[in-house]
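A short write-up of the structure that comes next.
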Amino acid sequence: MAISFDKATKTFYLEGKSTTYAFFINKFGYAEHLYYGTKIGRDPLFYTRGKGGRSCAATVPGEKVDGFEEGSSYHYFPSELAFFGNGDFREPCVQVANEAGDRICELLYDSHEILPEKPRMKGMPSMRGGETLVLHLYDTVSDFGADLYYTVYPDCNVIARRVVYKNCSNKVIRLKRAYSFSMSLPTQSFELMSLHGAWGMERRIQKTHLHNGVVSIDSKRTTSSATLNPFIALLSPGTTEDSGEVYGVSLIYSSSYVLKAEGVNDGQTLLTGGINDFDFEWKLKADEEFETPEVAIAYSSEGIGGMSREYHDAYRNYLINPRFAKKSRPIVINNWEGTYMDFDNEKLMAIASAVKDTGIDTFVLDDGWFGARNTDEAGLGDWYVNTDKLKGGLKTVIDHVNSLGMSFGLWFEPEMINEDSDIYRAHPDYAIKAPGRLPCYTRNQFVMDITRADVRDYIINSVNKILDENNITYVKWDYNRNVTESYSLGLPADRQSEFAHRYALGLYDIFERIIETHPNVIFEGCAGGGARFDPSQLYYFPQIWTSDNSDADERTLIQYGTSIVYPLSSMTCHFSVVPNHQTGRVTDAKTRADIAHLGTTGYELDTSVFTEEDKELTKRQIAEYKEMESLILEGDLYRTDNPMESNYFGYTLVSKDKTHAELTCYQRMGRPNAQLKRFAPRGLAPEKKYYVPELNLILSGSTLMNVGLLPVFERGDFKTVKYHFEEK
């Protein structure tokens, strides 16, 4: 069994691929953390418990002690769920208020279950499968309970955690904070790593030292955001890409969130987080439950890269839809940067015709095909075809695309609405607004109030009608602005602080009712680029448009940062025109293709101007990608050079059986008399022999990894060199 319980010591042991997570129920009934790290024996671990600090420690309620005795204060117990009051001054995982105004709770052990399979969450995305512990905690004074779920996996070092809070009383209570987990670690000697960014520069790595007090990241945007990704990691001193202990926290959620690391005065660190409690309150009636979003916690003793590979495996195996997770993805030509909204049938058909027999297999029609949509000022919400622009409707273009042996995809932005639209004129209340206040505009559009069932029904029926009436196999789902007025006409005054979470629940309901109705359609996520690139989206979208910035040099930074948590197969990476539309930079075709091949590849340009030479080049590029596609879908990633810290970027992709691999080397700026730069591949089997066709040599894995390779870059800036390794 992956999960065991020692009745004598009341200790739980949760074992992953090569990890142990251990906690026990102490004499007060408190779930006290003992250990998380490399797999150990199921030994008693009580000798590791320290006395903690001695500064004004409050006793466990009702306990009378002379001075401070070991194990007598909630504040110093390493926590599995920290609660507010009763002498615990750390960041609580939960805060609840009863009708009398009492905001204290004392959640202690009641019972537990060990389930062979994790039950699916209600109305929210989560990881599949896995043996699961359910720990039932209960507060006898308030009749308030918390069920802690722990799921472990045999083939990756990730634990899925969440909490279900329960009102077991016959009175209304109010949740003022409802986080997904607490976890204590025995030291503060960590750096906290997070992923920050903005439009066009998503997921840049930043690090800060922990200290006494709280370090946190959050979003108040009703989305996970490009500004701060819902992920943090704690790095032990001296951690590198290849060595050192790392604890990762990745939240499977798409609305306002917070993640925190608190340095406690006794030297411990408390990790916690989940739904952002800023502007949050949830009214919980008698016998009602509140389910929190799931968090995936990873451990690696092999540095940041080891943690990344744990997440990649966990999300490919247990989160992304198995219909698509490891299967070949469409190679698309998207017309957006080729035409923007200025197109007609002939223009679109010419773009598709130009790539016939190149290996591009799907044409995706982007924004501008519906309503009065000729600029971004009109049409959103009117999900019917603009037949003035597309004579004969979508069918004319789809039939032409299909006649070329290609599939057809379509862009939607279903959560948005323009004032200049038929649906807004009929239902202005569908847009999120606060009574008496002027609304904020972003991109000339508002967000639809999907906390309301009638608005969701309108969206679902509109999108399903288009999909049902047309031969569409691919959907790009966009989201181009954040919520600015967190208010719903569908909620009473005392429930308005439930808005942000209800938006997430509404979004998941829409996804379920559209995507599951069309199981053979592949849905790609997008949010003005990568502003909603989070694990919950991967549950519905096997790939996400990584950034609107398609410049090859910028993409080395964006894709490197994204890969810290997310597998390469989840990143849509397109070859685009030069000068690049976002930066004006000119990079050669080889570089653009090599970087775009480090994800789910495609094309974003006007192919109707292609020459025969361009077509042949595209054909060769796609053939090269197809040779490495299995590495993108299933392989292990080893990052070798960080472009945020150097002039270079390097990825090694290695098959699971280590029989073949590829190394991509990139040099940003070419310089005269530059120092020699060696790239050392990682992840090869030291004892295996590999043929390297670029050198026409057979070399051992140990030689390649320790001696490295010395690529000769072409003269100029922004150049790539690739090496292939095949077992001999």
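Derivation of every value follows stated rules applied to the coordinates shown; laboratory data play no part. Keep in mind it's a predicted model, so treat the numbers as computed, not measured. Neighbour counts run over all protein chains shown; Cβ positions are idealised from the backbone, glycine included.
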For HIS209 paired with MET669, estimate the spin-label separation in nm (one decimal), with each label point 7 Å from Cα along the Cα-to-Cβ line. 3.0 nm
With the 8 Å Cα cutoff and a minimum separation of six or more residues, the chain has a relative contact order in percent of 10 percent
Set the Förster distance to 22 Å, then compute FRET efficiency between ASP454 and GLN496 from the Cβ-Cβ distance, nearest 0.05. 0.75
Whichever lysines have a C-alpha closer than 16 Å to that of LYS285, once near sequence neighbours (fewer than 8 apart) are set aside: LYS166, LYS171, LYS176
Listing LEU390, LEU676, LEU251 from the residue with the fewest other Cβ atoms within 10 Å to the one with the most, what is the order? LEU676, LEU390, LEU251
Do any of LYS356/LYS615; LYS395/LYS626; LYS122/LYS326 go past 19 Å between their Cα atoms, and which? LYS395/LYS626; LYS122/LYS326
Compute, for the range 379-422, the length of the dipole vector about the Cα centre, with Cβ point charges of +1 (Lys, Arg) and -1 (Asp, Glu) only. Units Debye, rounded to 20. 420 debye
Please arrange LYS476, LYS10 by counting, for each residue, the other beta carbons lying within 10 Å of its beta carbon, fewest first. LYS10, LYS476
Where does the charge balance sit around LYS689 when Lys and Arg score +1, Asp and Glu -1, over other residues with C-beta under 11 Å from its C-beta? -1
Which values, in whole Å and largest first, are the semi-axes of the equivalent ellipsoid of the range 3-318 obtained as the square root of 5 times each eigenvalue of the Cα gyration tensor? 28, 23, 21
Rounded to the nearest whole number, the Stokes-Einstein translational diffusion coefficient of the range 273-428 at 25 °C and 0.890 mPa s (Kirkwood radius, C-alpha pairs) in µm²/s is 124 µm²/s
Rg to Rh, two decimals, where the range 585-728 supplies the alpha carbon set and Rh follows Kirkwood: 0.98
Neighbourhood charge, 14 Å Cβ-Cβ cut-off, centred on GLY392 and excluding it, Lys, Arg +1 and Asp, Glu -1: -2
Using the Karplus curve 6.51 cos²θ - 1.76 cosθ + 1.60 with θ = phi - 60°, what ³J(HN,Hα) values do you get for each residue of the range 552-569, in whole Hz, with x for Gly and Pro? 4, 5, 4, 5, 4, 6, 5, 6, 4, x, 4, 5, 4, 10, 9, x, 4, 5
For helix 499-515, report the angle its Cα long axis makes with the longest principal axis of the Cα atoms of the chain; keep it between 0 and 90° and round to the nearest 10°. 50 degrees
Correct semi-axes for the range 439-570, from √(5λ) of the alpha-carbon gyration tensor and rounded to whole Å with the largest first, are 27, 21, 14
For SER700, distant residues with modelled amide H under 5 Å away: TYR690
Using per-residue counts of other Cβ atoms within 10 Å, averaged over each peptide, order 217-224, 169-176, 121-128 from highest down. 217-224, 121-128, 169-176
